[in-house]
Each structure stands twice: as structure tokens, then as C-alpha cells.
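The values are calculated or read from the model by the stated rules, or taken from the named source; none is laboratory data. Owing to the predicted nature of the structure, the values given are computational and were not obtained by experimental measurement. All Cβ positions, even for glycine, are placed from backbone atoms using ideal geometry, and neighbour counts span all protein chains on display.
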Amino acid sequence: HLDHLRNVIGLRGYGQRDPLNEYKTEAFSLFEKLLTDLRHNVTKWMMTVEIQVEVPAPPAPPERLTEVHLDPLTGENAATAGALPSGLARDQREALPISSLPAGWEQTGRNAPCPCGSGKKFKHCHGALV
């Protein structure tokens, strides 16, 4: 509409009217008409919408969860590499005695790098489980 209006507005100059002011007023009235039409259409659609609510099915209970620690260097599961007994839940591993750690890991300092090679401190990796 604005392109058509721009092409035709020059004719109003023959009637001793400023084409720029005429273009501004006509464009503004077109904009107001657009807003009115939008409000009308949105109201019409909102009045005809039917909302249907479906009750979602209950989620399936999760199967047994296992904790996996990936070694960043090899990409393998550190638990299956002999670092920790596998198949135990976290709360069961927290109760493991120090003797369950691999040989030589008992004297590892808490702030020393973990011997598993994860790059974490021992207290945040395998030391937290003891």
C-alpha cells in the first residue's frame, strides 16, 4: 500500500498541497488501520479457539541408574578400568573402606592430582568416596 501511495502522492502537488505531509498523514492512517485490523483478527481468533487439555501419561520409572566417570585422556569409563568396584550406588561406595582403593592410592594427599588421571584433585574424585 505504501509503494502505491508513494507513486500517486505526487499528484496532490497539483492541488497546492505538500506531497510529503500528505504522504505522512496517509501512511499514518494506513498504520492505524493495520493495528485495528490486527486487534480485530486476534480477538476473533481468540474467541473461536477451543482449548483441549490432555492429561500427560505418568513418566516411566527410571531403571537402575549407574554413575559413570569418563577419563578425559582415554574416554573410557574409569569405574570399569579397575579404579572402583562397578555396579554400586554412590551411597554404597561412600561406605567403602580405604582397603578397596587400588594399591598405592591410600597415601595420596587430598589436594594431590587423582591417580586415575582425571585431572581433578583426589578429594574431588576418588578421595570423596572414601
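Details
- Test for Leu30: is it closer than 29 Å to Leu5 by Cα and touching a residue at least 12 places away in the same chain (Cβ under 8 Å): yes
- The sole residue among Arg6, Arg64 that is of a type in the set (Lys, Arg), in a helix (DSSP H, G or I) and at pLDDT 75 or above is Arg6.
- Among the residues of the stretch 25-46, none qualifies, meaning not one is at pLDDT 75 or above and in a loop (DSSP other than H, G, I, E, B).
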